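Read through the structure below, which is laid out as structure tokens, and then see the notes.
Each reported figure results from applying straightforward, stated rules to the coordinates on display, with no laboratory input. As the structure is a prediction and not an experimental result, all values here were calculated from the model. Quick reminder, even Gly has a Cβ in these numbers, built from the backbone with ideal geometry, and neighbours come from all protein chains shown.
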Amino acid sequence: MNWRDFVRNVDPYVPGEQPKENKVIKLNTNENPYGPSAKVQACVQDFDLLRKYPDPAATDLVDALAVYHGVDPSQVFVGVGSDDVLGMAFLTFFNSDQPILFPDITYSFYPVWAELYKIPYRTMPLTDDFCIRTEDYTGPNGGVVFPNPNAPTARLMDLSSVEEIIKQNRDRVVIVDEAYIDFAPEGSSALSLIDRYDNLLVVRTFSKSRSMAGLRIGYAMGQKELIDCLQAVKYSYNSYTMNRPSILYGCASIADEEYFRTTVEKIVATRERFTAGLREMGFRVIPSAANFVFASHGTIPASEIFEKAKKEKIYFRYFNSPRIDNYLRITIGTDEEMDTVIKFLSNLT
Ligand SMILES: *Cc1c(COP(=O)(O)O)cnc(C)c1O
């Protein structure tokens, strides 16, 4: 025996590549091409900001989010990106001998947290169309987590099906990871259900729709009792998780609703146009409610397109995993970027 026998060994989550070279068309990590609001930029000058410790409760940001979403501040929990919030939620709510449930094709961080925290888990296969089957989430379990829209498929589950899963699991916590919900049709969010279900936690991020992936802001909303449980775990680990710039810039982003709406609408319009273009070239495209599409070509293997694109400095995301190894996940960039992609693909097909 030696110390190696006592190490907590994990296979870490592997994020998409961040190429060092300039002038690439980077469509591999679902970043938003438009950048944060100018209101955020206006706050960047304040250097004295860095001198003092932040407010451990991030009160300003919690209050701004509460007003924005029409909930009480006691129903909001903020963290360092939604990865931090989700990791904290796994640690807090998934503490049973029963396996937690999530789809077989989903955000690849879920099994990593489960392994890290020694949470038993079971994956539920999506249908051949990549739909979640609500009836798979009815048996005994230790909790449920899924993204809506799902990643990397981009497919949205309708709100009544989401509610069905929450209803079937009243004595377990159900986490709905809404990283991409701002790109989905109005009325798709489970946020409208939190007052009715004390077992529902809705998780959001500033990384995609607010174009602030580099800053790391995520949050969760649910009934006060759930949020209190999350706070207790957080304050038992590290009180100062959110830095002062994040709190300030986060508030500034929330304050610019017009810019937010305009850029989200632009991405949705580009997504629809790009999807039509892909279909014309013989791609199967899963209907997307996110800022990316999941697509597979009828004859050209995805791995081949992925490699050829990279040579042209166009970065897509490719997952060499069962059932999805012939698909590409393509982030929606600017119209100009997507036109270049269409041109590149049409030369292949
Ligand atoms: C991007 C993403 C996240 C993490 O976002 P953060 O940058 O950590 O806020 C969480 N869940 C899903 C499904 C995502 O795609």
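Taking the Cα centre as origin and putting +1 on Lys and Arg beta-carbons and -1 on Asp and Glu beta-carbons, what dipole magnitude results for the stretch 106-238, to the nearest 20 debye? Charge dipole, the stretch 106-238, about its Cα centre: 480 debye, nearest 20. Seen from every direction in turn and averaged, the convex hull around the alpha carbons of the stretch 219-265 projects onto 4.5 nm². Between the beta carbons of ASP60 and GLU265, assuming R0 = 35 Å, the FRET efficiency works out to 0.80 to the nearest 0.05.
What's the whole-number percent of alpha carbon pairs in the stretch 44-170 lying beyond 22 angstrom? Pairs farther apart than 22 Å: 49 percent.
Using just the C-alpha positions of the chain as equal point scatterers, what log10 of I(q)/I(0) does the Debye formula give at each q in 0.10 1/Å? Normalising to I(0) and taking log10 leaves -0.63. Taking other residues whose beta carbon is less than 9 angstrom from the beta carbon of MET338, and scoring Lys, Arg as +1 and Asp, Glu as -1, yields -2. Per residue, the convex hull spanned by the Cα atoms of the stretch 93-155 amounts to 73 cubic angstrom. Taking a ≥ b ≥ c as the square roots of the eigenvalues of the alpha-carbon gyration tensor, the stretch 46-92 is classed oblate because a/c is 1.5 or more while a/b is no larger than b/c.
The magnitude of the dipole of the chain, with charges of +1 and -1 set on the Cβ of Lys/Arg and Asp/Glu and taken from the Cα centre, is near 840 debye.
Sort 63-72, 214-223 by packing, meaning the average of other beta carbons within 10 Å per residue, with the highest value first.
The densest-packed peptide leads the list: 214-223, 63-72.
The simple spin-label model puts a point 7 Å past each Cα toward its Cβ; for ASP128 and ALA255 those points are separated by 5.4 nm. Would you tally the net charge around VAL78, using a Cβ to Cβ cut-off of less than 11 Å, leaving VAL78 out, and scoring K and R as +1, D and E as -1? Computed value for this residue: -1.
Send over the semi-axes of the stretch 252-349's equivalent ellipsoid, whole angstrom and largest first, taken as the square roots of 5 times the C-alpha gyration tensor eigenvalues. Intermediate results must be reported in sequence, preceding the final value.
Values: eigenvalues 136, 40, 33 Å².
With the √(5λ) rule applied to the stretch 252-349, the semi-axes are 26, 14, 13 Å.
Label point of GLN98 set 7 angstrom out along Cα-Cβ; within the stretch 158-190, amide nitrogens under 15 Å from it belong to 165-175.
Quickly estimate the mean residue ellipticity at 222 nm for the chain, helices only: each DSSP H run with n ≥ 4 gives -39500 (n - 2.57), and the total goes over all residues, rounded to 500.
On the way: 10 runs with 118 residues, N = 349.
Helix contribution divided over all residues of the chain: -10500 deg cm²/dmol.
Each of MET124, ASN22, THR262 was placed along the dipole of the chain (beta-carbon charges, centred on the mean Cα), and the one lying farthest toward the positive end is ASN22.
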